[in-house]
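In what follows, a single structure is set out as structure tokens and then discussed.
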Amino acid sequence: MDFSLTREQKDIVKAARKFARGEFPDRAQEFDREETFDLSIWRKACELGFVGVFIEEKYGGAGYGFFEHCLINEEFWAVEPGIGFAILATTFGAELLSLYASEAQKEQVLPRLVEGEAIMGTAITEPNAGSDVTMAETTAVRDGDHWVLNGTKMFATNGSIAHFMLVFCKTDPEHPSRHKRHSFFIVPTDAPGYKANKLHGKMGIRASDTAELVFSDLRIPLENLVGTEGDGFAELMAFFNHTRLHICAQAVGLARAALEEAVRHIKGRVQFGKPLADFQATQFKIAEMATRIRASRNLYYEAAWLADQGRIDHGLVAMAKWYSAQTAVTCADEALQMHGGYGYIDEYKVQRLYRDAKILEIYEGTKEIEKTIIARSVLK
Ligand SMILES: Cc1cc2nc3c(=O)[nH]c(=O)nc-3n(C[C@H](O)[C@H](O)[C@H](O)COP(=O)(O)OP(=O)(O)OC[C@H]3O[C@@H](n4cnc5c(N)ncnc54)[C@H](O)[C@@H]3O)c2cc1C
């Protein structure tokens, strides 16, 4: 078994690292404190080819796999998670479009994402539908040449800055199977009836936009249906099997950043006459962090490698997502602990990492849901 990267993949990693180190650190604290972001950094990332690398070449992408997108995620998050997310989540939903959209839809949408002309997001969660997405109540009802959407979505990443959103709606409320009641739609955010209320006060990844969305008699053409009517749930599960891999890469990146901050601090900080790094209790923390990071990376490398060959292992993806998110949270916690009181102050990057880490155990499947999937794959 060979886990080494190809020369091309190593070049991607090197370039992503160089870009992130050059662009992110100076602005990170400002974006975090002010809950804002400078889209010129996103445009620059697009120009340099870091955005949407998994998109096929004929739609303007690099035609790489989801694995290469993971590699870029890991490098960006290893420098600044909030900025990494603000840039790379601009294509959130393009994975589903790549899998299920029509040629015309792909031609219309995908090139604009890669070229830095458009931002998208995907709205599934609702006030009464979180982990159980089948409870989503936003309706799409056929009316002549149009679908008419009504309902409310929660926590939509990019909801107030996107040019269009991919929206999960109920199209067949009476279907006997709750897994056949929903479908996906492309919704332009300038359509009358689209309202985004930006959410403030997030704990972490504060450079990223999150919004509540309200659709009031929003009309879209019939051809904005993505994939097969009624198959939205199955399409969503396939989508998550790809995007959860990206979350793993985010988590490994963040954990690496936490380890780096911890090592820097404990080598310099002297207590009881020697650097903290000389105490065995501190060394054990470092050993555990490094091992967890390695294990998490191996899990997601294997899962992503399989995914890019069309051999999705649902249970393995869930293992990778749960374990890597836990790694990020644990590493950020231990890194902050090693900073003592300094870690509690926002001047220190480790405090931001601690806050940024938690979302990894929540979005795109909470840790409990991931463990449910793992158990199901073992017990089947
Ligand atoms: C910053 C941010 C960005 C987000 N971005 C997006 C986005 O772009 N698009 C989108 O659609 N959503 C997005 N979300 C929503 C996110 O995916 C949901 O918050 C998540 O899926 C959990 O749903 P919930 O918040 O409704 O929690 P709930 O589903 O109510 O869960 C609450 C708790 O109960 C547990 N629980 C639920 N069911 C079970 C069960 N069967 N067994 C055991 N425990 C269970 C959960 O694990 C969790 O701990 C985002 C959220 C945040 C905070």
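The values are calculated or read from the model by the stated rules, or taken from the named source; none is laboratory data. The shown structure was predicted, so the numbers you read here are calculated from the model rather than taken from an experiment. When we count neighbours, we look across all protein chains shown, and the Cβ atoms used for this are built from the backbone with ideal geometry, even at glycine.
When K106 is tested against (1) under 22 Å from the mean Cα position of the chain (by Cα); (2) buried (at least 24 other Cβ atoms within 10 Å of the Cβ), just one condition goes unmet, and that condition is (2).
Show me the helices (runs of 4 or more DSSP H) found entirely inside the range 1-78 where at least 3 residues are of a type outside the set (D, E, K, R) and more than 25 Å from M203 (Cα to Cα). Spell out how you get there, then give the answer.
Numbers: elements: 7-23, 25-34, 39-47.
Counting at least 3 such residues, we get 7-23.
Take the conditions (1) within 16 Å of the ligand (Cβ to nearest atom); (2) small (G, A, S); (3) on the phi > 0 side of the Ramachandran plot; G204 misses just one of them, which is (3). Within the range 119-143, residues that are within 13 Å of E212 (Cα to Cα) and assigned to a strand (DSSP E or B) sit with their Cβ atoms under 6 Å from residues that are near the ligand (Cβ under 8 Å from one of its atoms) and of a type in the set (D, E, K, R), at 6+ positions apart or across chains, in these pairs: A123/K153; E126/K153. Of the listed requirements (1) part of a loop (DSSP other than H, G, I, E, B); (2) over 28 Å from L48 (Cβ atoms), R206 misses just one: (2). Of note, V148 does not satisfy the criterion of being surrounded by 18 or more Cβ atoms within 10 Å (Cβ to Cβ), at pLDDT 95 or above and β-branched (V, I, T).
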